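See structure below.
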Amino acid sequence: MFLFFCLPKLIKLRELKTGKLFHLKFFILKNIALKIIKFLIFFAIGAFIFWLIYKDQDIDRIKTVLKNDVKYFWIVVSLFIGLLSHISRTMRWGLMIEPISHKPRFINTFLGVMVGYLMNMAFPRMGEISRCGVLARYEKISFTKLLGTVVAERAVDMVSLLLLLVIVIFSQFGHMLQFLGDNPEIEAKLLAVVTSPILIIALVGMLVLAIVFWKTLKHTLFYKKVYAILMNLKEGFISIRSIDKKGWFFFHSVAIWALYYLMLYVVFFAFDFTSNLGPLAGLTTFVLASFGMVAPVQGGIGAWHFMAKEALSLYGIANENGIIFAFVAHTSMTGMIILIGIISLLVLPFINGRKTTSEAMVAKEIE
């Protein structure tokens, strides 16, 4: 009798659990498939831009320049400065973690940062999650709290980049006007775009639609994403208040971007055609190229090269020289990140092996 009444319910419960498991597996597979598709799309976009830039170039000339005309001493100096910037970022992140947990080991924090850079090469925006995962695993710090510090970091970096953009606009405004005056065809094209009736009508139409459908707009995915970004920025800045050593935090925030800038600027001295350009030309190239790196393509491939060569063209650097500069600068930076990132992945388990083993032995003794 018991089986008569209970068996159907047990079968139904099992089917329900099986159904939930199926939906969970489907959800996971769907997410993986979407990530792969997104990866392929963005990689294809970056590769296509890269191909467009280099497809008409004389490969033999590029090989000759790379073999005979590049002063590789300055490339080595650039990489050393880049390494210092990564160390400074590591120290700043450590300052942000300390108030929410214990002070993490420098080596784990540094290796986590480099793993994050490596992951960003494959999957844009995945680096932040990866480095949090490294410290959560090896330093036993809350992943959610670590993610909060990364949000704060991104907020500071975004504001820093925007401030640098403002500096470039005001300091190089006259130079840009002179460039447009020397290139009337470019000035005419820009003026045609800005004063285009189609553009004006489109902007006014979008504004009217936004006002009319404001309530509906607030429920769209785009609005929610923008709102989430703004809220994350707000929370990020609020969390900075809890940092004890604010002076060191400010120092490293300035040092990181100063070192990023110097990392690119010293590459100017590796080529005869850019060695006579001043620090402001380097700053302009750095800022515009940085926006290329912000693009959601792996390692900024294509986008970074395009922005760098366009920035150099403002200072009279020929297109065929600008793309060689972009290729060398980007390849050296990317190569260093890939090399140190892979080493970091391999080293992390070994340097934490002894610590993990001793912790397991203590836990076993307690049991």
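In terms of other Cβ atoms within 10 Å, W304, W51, W257 run from fewest to most in the order W51, W257, W304. For the cross-link pairs K67/K309; K103/K245; K103/K145, the ones whose C-alpha atoms lie over 18 Å apart are K67/K309. Sequentially through the stretch 334-347, phi angles give Karplus couplings (6.51, -1.76, 1.60; θ = phi - 60°) of 5, x, 5, 5, 5, 5, 5, x, 5, 4, 4, 4, 6, 7 Hz, Gly and Pro residues having no value and appearing as x. Residue by residue, the stretch 162-175 carries 3J(HN,Hα) couplings of 5, 5, 5, 4, 4, 4, 5, 4, 6, 7, 10, 4, x, 5 Hz when phi is fed to the Karplus relation 6.51 cos²θ - 1.76 cosθ + 1.60 (θ = phi - 60°); x denotes Gly or Pro. Applying 1/(1 + (r/R0)^6) with R0 = 56 Å to the Cβ-Cβ distance of V208 and F106 gives a FRET efficiency near 0.55. Rounded to the nearest whole Hz, the Karplus-based 3J(HN,Hα) values (6.51 cos²θ - 1.76 cosθ + 1.60, θ = phi - 60°) of the stretch 254-264 follow the sequence 6, 4, 4, 6, 5, 6, 4, 4, 5, 4, 7, with x at glycine and proline. Counted by neighbouring Cβ atoms within 10 Å, the residues S290, S142 run from fewest to most as S142, S290. When H175, H102, H305 are sorted by how many other C-beta atoms sit within 10 angstrom of their C-beta, beginning with the fewest, the order is H102, H175, H305.
Read the figures in this text as sums done on the coordinates, not as results from a lab. Note that the coordinates shown come from a computational prediction; the quantities given were computed from them, not determined experimentally. Note that each Cβ is placed from the backbone with ideal geometry, even for glycine, and that neighbours are counted across all protein chains shown.
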